[in-house]
1. Would the range 36-58 turn up any residue that is buried (at least 17 other Cβ atoms within 10 Å of the Cβ), touching a residue at least 60 places away in the same chain (Cβ under 8 Å) and in a strand (DSSP E or B)?
2. Can you tell me which residue among 176, 215, 209, 194 is at positive phi and away from the ligand (no atom under 16 Å from the Cβ)?
3. Looking at the structure I just gave you, is residue 65 at negative phi, part of a helix (DSSP H, G or I) and β-branched (Val, Ile, Thr)?
4. Select, from 140, 116, 93, the only residue that is surrounded by 23 or more Cβ atoms within 10 Å (Cβ to Cβ) and in contact with a His (Cβ under 9 Å, 6 or more places away or on another chain).
5. Please pick out the residue among 226, 220 that is in a loop (DSSP other than H, G, I, E, B) and not assigned by TED's automatic domain parsing to the domain that holds residue 274.
6. Quick check, is residue 110 surrounded by 18 or more Cβ atoms within 10 Å (Cβ to Cβ), within 16 Å of the ligand (Cβ to nearest atom) and not basic (Lys, Arg)?
7. When you scan the range 248-328 for strands (runs of 3 or more DSSP E) that lie fully inside it, which ones turn up with 1 or more residues that are more than 14 Å from residue 117 (Cβ to Cβ) and away from the ligand (no atom under 16 Å from the Cβ)?
8. Exactly one of these conditions fails for residue 15: (1) within 17 Å of residue 118 (Cβ to Cβ); (2) at pLDDT below 95; (3) of a type in the set (Phe, Trp, Tyr). Give me its number.
Amino acid sequence: MSTRETFMNEPTRSFEAVVVGGGAAGLAGALTLARARRSVLVIDGGQPRNAPAQGVHAYLGSEGTSPADLLARGRAEVTSYGGVVEQGQVVGLKRTEGGFAVEREDGSVVAAQRLLVTTGLVDELPDIPGLAEHWGTGVLHCPYCHGWEVRDRPVGVVASGPVAVHASLLWRQWTEKVTLFAHPGRTLGSLEREKLAARGITVVDSPVEAVLSEEGGVSGVRTVDGSVVAVDAVVVPTFMRSRSQLLVDLGLEVSEQKMGEHVMGTYVAADATGATAVPGVWVAGNVTSVSEQVIGSAAAGNKAGAMINADLVMAEAERALERARAEQGAPAL
Ligand SMILES: Cc1cc2nc3c(=O)[nH]c(=O)nc-3n(C[C@H](O)[C@H](O)[C@H](O)COP(=O)(O)OP(=O)(O)OC[C@H]3O[C@@H](n4cnc5c(N)ncnc54)[C@H](O)[C@@H]3O)c2cc1C
């Protein structure tokens, strides 16, 4: 990411709004802006968080659609109203007199009056052999996204984060066959053990050494004591790190998302409309809320798009008033 004060090139194009990131949040924001007859450019790196998943679940009206199809439909909807969607990586954002300059990896620069940053987050996995290969298919984090698909089947939860006990109890709603595996640095309290046992959740105190595969899917886990436990899916709490460097370069701060004393991830704070502490910059989706799902991210993008339009409307009205008063020889406000 660029932290340069100056960009190599001058802007070659100008938009009323530039959206950085074309996932659900960004495209929903762009759709609202395009339908509000705003010139809007979406620049998207093409790495949505749920890319490895087979379907987007709990998205009303499009249940189970593949993530790629949902976004392709979103891009088509944005362009059908005159919005521009381009593949690319934004490497720098800078404030200018008229708004912002947006620099891409190829050095090209576009000007924007307002920014909507929807760069999402990165799930950081614990370093366990075999885990990353199955991320999003047999290695899961969210029961609302994947629970139905593994209902009644054996599931192993890795106690790698503060929410592991909570996660085990949650997944128990979808299957009676939940095993919680210990992880270095996480000691289970006696009350936690009692509660897990009361719900029929087995606790294995030897930590997971590797996730095992068969025919391309997860088949079990091997623990450090050499035992193998057969499971069809592994649940792992991830560290949810917001993709926030561009916002930091604009002067915004990154906050820690905590559960009790435990840090679960990071986010860039905004108000309920997505407005950040930097005037002219809005955020939506996972970059500002680690728990937001696709429908919530789209809703937040939709709201931010409307607020950006309203902000532009008010600025235009102010300028029109100034011009009108100047023409009438009235004193400036
Ligand atoms: C495995 C998995 C399965 C999931 N399943 C579901 C599910 O079934 N239902 C559900 O509701 N939620 C699901 N989720 C959650 C869902 O992925 C997120 O809620 C959603 O993707 C958030 O949308 P977003 O627009 O904020 O971010 P993203 O979808 O992550 O989109 C961010 C976009 O910004 C782009 N970007 C980032 N930085 C830059 C940059 N510098 N320049 C240009 N572009 C950039 C990225 O490439 C990406 O395309 C799942 C998550 C995971 C990990």
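1. Yes, the range 36-58 contains at least one residue that is buried (at least 17 other Cβ atoms within 10 Å of the Cβ), touching a residue at least 60 places away in the same chain (Cβ under 8 Å) and in a strand (DSSP E or B).
2. 215
3. Considered against the rule, which asks whether it is at negative phi, part of a helix (DSSP H, G or I) and β-branched (Val, Ile, Thr), residue 65 comes out as no.
4. 140
5. Testing whether each residue is in a loop (DSSP other than H, G, I, E, B) and not assigned by TED's automatic domain parsing to the domain that holds residue 274 leaves just 226.
6. yes
7. Answer list for the range 248-328: 254-259, 262-268.
8. Among (1) within 17 Å of residue 118 (Cβ to Cβ); (2) at pLDDT below 95; (3) of a type in the set (Phe, Trp, Tyr), the lone unmet condition for residue 15 is (2).
The values are calculated or read from the model by the stated rules, or taken from the named source; none is laboratory data. Note that the structure is a prediction, hence the values are computed from the model and not measured. No Cβ is skipped: glycine too gets one built from the backbone with ideal geometry, and neighbour counts run over all protein chains shown.
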